[in-house]
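Just below is one structure, and these are the notes that go with it.
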Amino acid sequence: MRLITSGRSFAGEPESARCARSSHLENQFMKPSNILFSLNILFLCLCQPIFGRTVSDRVDNRNFAIDTYYPTPNEIRLAERRAQRYWQSNAQRFPNSTRYLAVYTTSVLQTEIIQDLYAKVISSETTASFFGRGENDERTNLSCIMIYDTVTNKFVSNAGYVSIDLPPRGSLARWDGYLARYIGW
């Protein structure tokens with residue numbers, strides 16, 4: 001009987017030696033250091049899609065605002081609470097680079113924009129998803145984004161900005177004259 005292990009041939013090897021050799025190979029892969037290393041690699045691979053990439057201060061200078069919108073006082077109050085909670089827990093991450101936060105406030109229906117939506121979308125820099133669906137599609141997602149000032153701890157005004165496409169969460173982007181970190185919902 002011949003046993004071939006990693007390119008080596010062992011002729012006439014006793015059964016006990018074969019078992020010892022195979023258990024040695026199994027133990028080599030089952031060492032705690034190898035298991036921990038494998039788990040670390042697996043953890044790092046899974047964290048990327050779950051938690052996203054690290055936040056960078058790269059700025060998207062396209063204007064995400066296509067119109068202004070006035071949300072209800074209740075929507076403003078709820079969005080302001082979310083912005084305050086976010087800033088309390090994340091202020092240390094962005095000490096100097098963030099004065100304004102862009103906060104998703106509410107959804108906007110196309111019928112709520114009275115003036116010509118199509119003309120505003122045509123001249124916008126960030127409306128690719130609108131044209132991907134077709135101009136008369138009622139499912140176009142319009143969002144109201146309000147700008148929160150982290151110095152005064154309140155919104156800069158009672159008006160928000162209508163956006164069709166949104167930047168990735170945590171990124172810096174522009175809504176009219178404000179450069180803000182988009183925090184989402």
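With respect to being small (G, A, S), more than 16 Å from the chain's Cα centre (by Cα), surrounded by fewer than 20 Cβ atoms within 10 Å (Cβ to Cβ) and in the same structural domain as N96 (by TED's automatic domain parsing), G170 falls outside the description. Scanning region 73-85 for residues that are in a helix (DSSP H, G or I), in contact with a helix residue (DSSP H, G or I) (Cβ under 7 Å, 6 or more places away or on another chain) and in contact (Cβ under 8 Å) with a residue 12 or more places away in the chain turns up nothing. Only one of the numbered conditions (1) in a strand (DSSP E or B); (2) at pLDDT below 90 is violated by Y118, and that is (1).
The values are calculated or read from the model by the stated rules, or taken from the named source; none is laboratory data. Keep in mind the model is a prediction, meaning the values are calculated, not measured. With ideal geometry, Cβ positions are generated from the backbone for all residues, glycine too; neighbour counts draw on all protein chains shown.
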